[in-house]
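The values are calculated or read from the model by the stated rules, or taken from the named source; none is laboratory data. These numbers come from a predicted model, not from an experiment. Cβ placement follows ideal geometry from the backbone for every residue including glycine, while neighbour counts extend to all protein chains displayed. Ligands, DNA and RNA are excluded from the accessible area calculation, which covers all protein heavy atoms including side chains. Shrake-Rupley method; radii C 1.70, N 1.55, O 1.52, S 1.80 Å.
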Amino acid sequence: MRLKMGNMGIAAMAAMVLSGCAGDDQLVVAGGLGVTSTLSTCPEVAIPNHAGDITLFDPVNSRDASAIDVVAQVTNLRSTCNEGDEKLYSEATFDVIARRSFAEGARTVELPYFSTVVRGGSAVIAKRVGTVTLTFPDGEYRAQASAKAASYVDRADATLPDDVLQRITAKRKSGDASAAIDPLADPTVRAALNRARFELLIGFQLTQDQLQYNATR
């Protein structure tokens, strides 16, 4: 599942009240029932829908269950972020776990994966493609390997403008006219939040046929 802004999108955030700043690089969102979320300038790291697993067939053009050769999945996605510089450096590590249908003979399988930096949910800022190598010993059905991806984002691009930040963190007293107005209902504020949102997306570099298989199975 693709995650955004700590599992909350702009629409969900619009129903909440932004209560203030946790620090120079974090914005605390306070919602009903005492639920809070901290938004960071660091990119959210996630696996896009349908890109977290891959199925290889033999023969290649078959889609029968009996033709499944290797199945692999991206898992254990973890990330770190350096927020101390003008460039925000994020690094993600993950594991790829695979299973093959026939265990006879040693075998090596190379699977391509991508890492993409996306701004505002749709604008691709950068993309890189790498390869993870899985080695199956003779007689073993399972194999596992680790890989990593990294991204750089300009801190200025991931930081809300001062006037927008002031609007959404301003203290509001009960009874004041401003207390009844949700700043996130303003399209200008929502657009600024969206522009400052970055994601580092990681998944298998699928062919169109592989993507369609994942989406329709």
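Points to keep in mind about this one:
- Filtered by the rule that a residue be of a type outside the set (S, T, N, Q) and under 22 Å from the mean Cα position of the chain (by Cα), region 44-70 gives GLU44, VAL45, ALA46, ILE47, PRO48, HIS50, ALA51, GLY52, ASP53, ILE54.
- Scan region 54-92 for residues that are closer than 19 Å to GLN212 by Cβ and open to solvent by 90 Å² or more (accessible area, probe 1.4 Å) and the total you get is 6.
- Verdict on VAL118 being in contact (Cβ under 8 Å) with a residue 24 or more places away in the chain, under 17 Å from ALA51 (Cβ atoms) and among the hydrophobic types (A, V, I, L, M, F, W, C): yes
- Near pairs, Cβ below 7 angstrom, 6+ apart or cross-chain, from region 63-76 (at pLDDT below 95) to any residue that is assigned to a strand (DSSP E or B) and not polar (S, T, N, Q): ARG63/PHE57
- On the stretch given as region 155-186, residues that are at pLDDT below 80, in contact with a Ser or Thr (Cβ under 8 Å, 6 or more places away or on another chain) and assigned to a loop (DSSP other than H, G, I, E, B) total 2.
- Selection from region 107-125 of residues that are touching a Phe, Trp or Tyr at 6+ places or on another chain (Cβ under 8 Å), under 17 Å from PHE204 (Cα atoms) and hydrophobic (A, V, I, L, M, F, W, C): VAL109, LEU111, PHE114, VAL117, VAL118
- Boolean, GLN212 is under 30 Å from VAL60 (Cα atoms), out of contact with any strand residue (DSSP E or B) (no Cβ under 9 Å at 6 or more places or on another chain), modelled with pLDDT of 80 or more and surrounded by 13 or more Cβ atoms within 10 Å (Cβ to Cβ): yes
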